[in-house]
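Peer 1: To start, I am sharing the structure in question, which I have written as C-alpha cells.
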Amino acid sequence: MLVRVGSRGSRLALTQAELAASRLRRPGVEIALVPITTAGDKDRTKPFGEIGSRGVFVKEIEEALLAGRIDVAVHSAKDMTSSDAEGLVVGAYLEREDPRDALCGASEVRPGMRIGTASVRRRAQLLALEPSLSIEPLRGNVETRLRKRGERGLDAVVLAACGLDRLGLAGEIGLRFAPEQLLPEAGQGALALQVRVGEEELVAAADDVETRRRVEAEREVVFAIGGGCLAPVAAHHDGETLTALVADEDGAWIERRSGDDPAALAAELAAFAGT
C-alpha cells in the first residue's frame, strides 16, 4: 500500500515529514513524501494578517488531503487552526519535543536589544519582559531567519526550539525561555498527522496519548478565546496545569490564567481578547 504524506517543502518541514514517515512505515506500507507550497510560503514579506487568516501554512495541504492527492498531512501543530477543518481530523500527534521559544544570538534579553520575530505572541511577551526592546518583523524559514539576523545587524531572533533541535541547530540557541517568561503557542513542539475522517487507522499507531491530551486542551482554550497566531494569545499545558494568556500587542498588559478547564480559562480571558 502506498501512503502519500504531504507537508510544506522547507528543510524543516521535510525533516518533520520524514520523522512522521518513520512512524508510519511497516511491512507492506510504502511512503511517498509530497511537498506542497502554502500561501505562507509563497509570500515571505507580508505580515501573516495581510496574507490571510490563521492557517496560512496549512490550507493548501488540507485542500490536497480533501481532494485525495495525499493521504496524510504533516503539520507543526502550532500552525493549525484551533478547530479541525470539516472532513478532516488529527489522527495522531507524535510525542512532543521541546515546546519552548529560543533566543538565538544572545544568552539573555537586555535593554535596548533589536530582536527579530514575526509573531505577535512573541512580540507582546518580549515587550512585557523588557519594554525598551525594538521588535523587528522577520519572516522566512529557520535558516533564512538565522542568516537575516547577521545581515540586518539584529542582536537576536526568536524561534521555536524544537525546529532548531530537529535541524541539528541547537548550537544556535543562547537561551530557551521558560514558559513563565514566554508562554508558547498552542501545540508548539508537537507534530500533527491529519487524515480524512474515517481513515484514522492509517496513523493511529503513531499517536502519543499524553501529547494529544495536552495539545487538544491548548487548542481548545485558544479556539474558545477566539485567538490564534494573528492575536497575542498563547496556551501551554505542562502535564499538570493548563496556562493561557491574552496580551496587548505592545506588551502593555498581559492577562494570564491557569487551571485545568479550557472553557473556564477561555471565559475568563475572552473579555480581554475583545471577543
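Peer 1: Only one residue in Glu199, Glu216 is at pLDDT 95 or above, charged (D, E, K, R), out of contact with any Ser or Thr (no Cβ under 7 Å at 6 or more places or on another chain) and under 18 Å from Gly55 (Cβ atoms), so which one is that? Let's see the steps before the verdict.
Peer 2: On the way: Glu199 fails: under 18 Å from Gly55 (Cβ atoms).
Testing whether each residue is at pLDDT 95 or above, charged (D, E, K, R), out of contact with any Ser or Thr (no Cβ under 7 Å at 6 or more places or on another chain) and under 18 Å from Gly55 (Cβ atoms) leaves just Glu216.
Peer 1: For the stretch 240-266, enumerate the residues that are open to solvent by 20 Å² or more (accessible area, probe 1.4 Å) and in a loop (DSSP other than H, G, I, E, B).
Peer 2: Glu240, Thr241, Asp248, Glu249, Asp250, Ala252, Trp253, Asp260, Asp261
Peer 1: Could I ask something else about it? Only one of Leu269, Leu175 is assigned to a helix (DSSP H, G or I), farther than 29 Å from Leu65 by Cβ and either open to solvent by less than 60 Å² (accessible area, probe 1.4 Å) or not acidic (Asp, Glu) (or both); which?
Peer 2: Details: Leu175 fails: assigned to a helix (DSSP H, G or I).
None of the other options fit; the residue is Leu269.
Peer 1: Assess whether Val109 counts as being of a type in the set (A, V, I, L, M, F, W, C) and under 16 Å from the mean Cα position of the chain (by Cα).
Peer 2: Details: of a type in the set (A, V, I, L, M, F, W, C): yes; under 16 Å from the mean Cα position of the chain (by Cα): no.
Considered against the rule, which asks whether it is of a type in the set (A, V, I, L, M, F, W, C) and under 16 Å from the mean Cα position of the chain (by Cα), Val109 comes out as no.
Peer 1: Those residues that are open to solvent by 40 Å² or more (accessible area, probe 1.4 Å) and at pLDDT below 95, I need them from the stretch 230-239; list them, please. Before you say what the answer is, go through the steps one by one.
Peer 2: Of the residues in the stretch 230-239, the ones open to solvent by 40 Å² or more (accessible area, probe 1.4 Å) are 230, 238.
Selection gives Leu230 alone.
Peer 1: Right, next: With the checklist (1) within 30 Å of Gly68 (Cα to Cα); (2) open to solvent by 60 Å² or more (accessible area, probe 1.4 Å); (3) in contact with a Pro (Cβ under 9 Å, 6 or more places away or on another chain); (4) modelled with pLDDT of 95 or more in hand, flag the one item Ala190 doesn't pass.
Peer 2: Every listed condition holds for Ala190 apart from (2).
Peer 1: Would you mind stating whether Ala224 is open to solvent by 20 Å² or more (accessible area, probe 1.4 Å) and either at pLDDT below 95 or part of a helix (DSSP H, G or I) (or both)?
Peer 2: Details: open to solvent by 20 Å² or more (accessible area, probe 1.4 Å): yes; either at pLDDT below 95 or part of a helix (DSSP H, G or I) (or both): yes.
So Ala224 passes the test.
Peer 1: Ok, one more. Contact list please: Cβ distance under 8 Å, first residue in the stretch 104-124 and open to solvent by 20 Å² or more (accessible area, probe 1.4 Å), second residue assigned to a loop (DSSP other than H, G, I, E, B) and polar (S, T, N, Q), pairs at least six apart or on different chains.
Peer 2: Qualifying pairs under 8 Å: Pro111/Ser132; Gly112/Ser132; Arg123/Thr117.
Peer 1: Answer yes or no as to whether Glu180 is acidic (Asp, Glu) and either in a helix (DSSP H, G or I) or under 24 Å from Val72 (Cα atoms) (or both). Show your work before the answer.
Peer 2: On the way: acidic (Asp, Glu): yes; either in a helix (DSSP H, G or I) or under 24 Å from Val72 (Cα atoms) (or both): no.
In short, no.
Peer 1: Output the number of the condition that Ser107 fails; it satisfies all remaining conditions of (1) among the polar types (S, T, N, Q); (2) within 25 Å of Pro232 (Cβ to Cβ); (3) in contact with a strand residue (DSSP E or B) (Cβ under 6 Å, 6 or more places away or on another chain).
Peer 2: Just one mismatch for Ser107, condition (2).
Okay, residues lined up against (1) at pLDDT 95 or above; (2) within 16 Å of Arg69 (Cα to Cα):
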| site | (1), (2) |
| --- | --- |
| Ser7 | yes, yes |
| Ser10 | no, no |
| Ala21 | yes, no |
| Ile31 | yes, yes |
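Peer 1: Would you confirm, using the coordinates I've provided, whether Leu66 is at pLDDT 95 or above, open to solvent by 10 Å² or more (accessible area, probe 1.4 Å) and farther than 24 Å from Ala170 by Cα?
Peer 2: Considered against the rule, which asks whether it is at pLDDT 95 or above, open to solvent by 10 Å² or more (accessible area, probe 1.4 Å) and farther than 24 Å from Ala170 by Cα, Leu66 comes out as yes.
Peer 1: Considering only residues that are open to solvent by 50 Å² or more (accessible area, probe 1.4 Å), in contact with a helix residue (DSSP H, G or I) (Cβ under 9 Å, 6 or more places away or on another chain) and either at pLDDT below 95 or over 19 Å from Gln125 (Cβ atoms) (or both), which ones fall in the stretch 139-167?
Peer 2: Across the stretch 139-167, the qualifying residue is only Glu143.
Peer 1: What are the residues in the stretch 129-138 that are open to solvent by 60 Å² or more (accessible area, probe 1.4 Å) and either among the aromatic types (Phe, Trp, Tyr) or within 28 Å of Leu12 (Cα to Cα) (or both), if any?
Peer 2: Selection gives Pro137 alone.
Peer 1: Can you tell me which residue among Arg145, Arg110 is assigned to a helix (DSSP H, G or I) and more than 25 Å from Arg212 (Cα to Cα)? So that I can check it myself, show each step before the final result.
Peer 2: On the way: Arg110 fails: assigned to a helix (DSSP H, G or I).
Every option except Arg145 fails the conditions.
Peer 1: Here are the criteria: (1) under 18 Å from Leu12 (Cβ atoms); (2) modelled with pLDDT under 95; (3) not aromatic (Phe, Trp, Tyr). Tell me which single one Glu97 does not satisfy.
Peer 2: Evaluating Glu97 over (1) under 18 Å from Leu12 (Cβ atoms); (2) modelled with pLDDT under 95; (3) not aromatic (Phe, Trp, Tyr) leaves (2) as the failure.
Peer 1: Please find, within the stretch 69-86, the residue that is surrounded by the most Cβ atoms within 10 Å (Cβ to Cβ) out of those that are touching a helix residue (DSSP H, G or I) at 6+ places or on another chain (Cβ under 6 Å) and in a loop (DSSP other than H, G, I, E, B).
Peer 2: Among them, the one singled out is Ile70.
The values are calculated or read from the model by the stated rules, or taken from the named source; none is laboratory data. Worth saying up front: this structure is predicted, and the values here are computed from it rather than measured. Every residue, glycine among them, receives a Cβ derived from its backbone with ideal geometry; neighbour counts consider all protein chains shown. Note: accessible area is taken over every heavy atom of the protein model, side chains too, but ligands, DNA and RNA are not part of it. Shrake-Rupley method; radii C 1.70, N 1.55, O 1.52, S 1.80 Å.
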